[in-house]
Amino acid sequence: MAFLWRHGVEDCGERIPAVTARIMLGGKLDAFSGFVPGVFEEALVTLENRRPLYILGGFGGASEVLANALLTTGSDRPAELTLGWLSSRNSELPTLLQIADQTELPSEARSTSVMLDALFAFAESARSNPSAVLNTGLDDEETHELLTTRSITTAVNLVRKGLVAMEKFEQLPA
């Protein structure tokens, strides 16, 4: 069961229609289902597929963790993007990891550590050029504002502006 869940979520980008863009808000950090919080996994799939990723970090949760990881300077890795921290927040994770270690996984399946490393690599690369890595269609200042705003109106306007700029969203007449 653990393998099926892990493999199914990781492959969701291949089994459901591709998304035009992904907007992230909130997200569980405690007692999440699976190997990593769903927002982390969805962010990784979105980034790997080079789709626009709009992270509304000012509203808390796993999205805030990702936003903070992008906004931090230097090469520090947030504790929340480590296996140890995730294991301390999800009592089922050690059991899932043990089952995964005892199961023959397909060659394309990634370990939790490899997934976290890949997500952190994207976060590190986005620190110097967030709008390009996140593919937002916004400039870096606007992308920074999106990552930190607590105003839903500002967030909606920035996401809309980015989608229009990326030609992913048709402007309707007033």
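The values are calculated or read from the model by the stated rules, or taken from the named source; none is laboratory data. These figures come from a predicted structure and were not determined experimentally. Note that we place each Cβ from the backbone using ideal geometry, even for glycine, and neighbour counts take in every protein chain shown. To get the accessible areas, we keep the full protein, side chains included, count just its heavy atoms, and leave off ligands, DNA and RNA. Shrake-Rupley method; radii C 1.70, N 1.55, O 1.52, S 1.80 Å.
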Express the carbon and sulfur contribution to the solvent-accessible surface of the chain as a percent, rounded to the nearest whole number, probe 1.4 angstrom.
52
J(HN,Hα) series, the range 131-139, from Karplus relation 6.51 cos²θ - 1.76 cosθ + 1.60, nearest Hz, glycine and proline x:
5, 6, 5, 7, 6, 7, x, 9, 7
Quick check: convex hull of the Cα atoms in the chain, volume per residue, rounded to a whole Å³?
118
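Enter the accessible area per residue of the chain (Å², integer; probe 1.4 Å; all protein chains in place).
Numbers: 9380 Å² over 174 residues.
Heavy-atom SASA per residue in the chain reads 54 Å².
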Need one number: nm distance between label points at SER75 and GLU48, each 7 Å from Cα along Cα→Cβ, rounded to one decimal.
2.4
In degrees, nearest 10, range 0 to 90: what is the angle between the Cα axis of helix 61-71 and the longest Cα principal axis of the chain?
70
Simple SL model, points at 7 angstrom along Cα→Cβ for ARG150 and VAL164; separation in nm is 2.8
Under 17 Å from a point placed 7 Å out from the Cα of THR82 along the Cα-to-Cβ direction: which residues of the range 112-126 have their backbone N that close?
112-121, 124
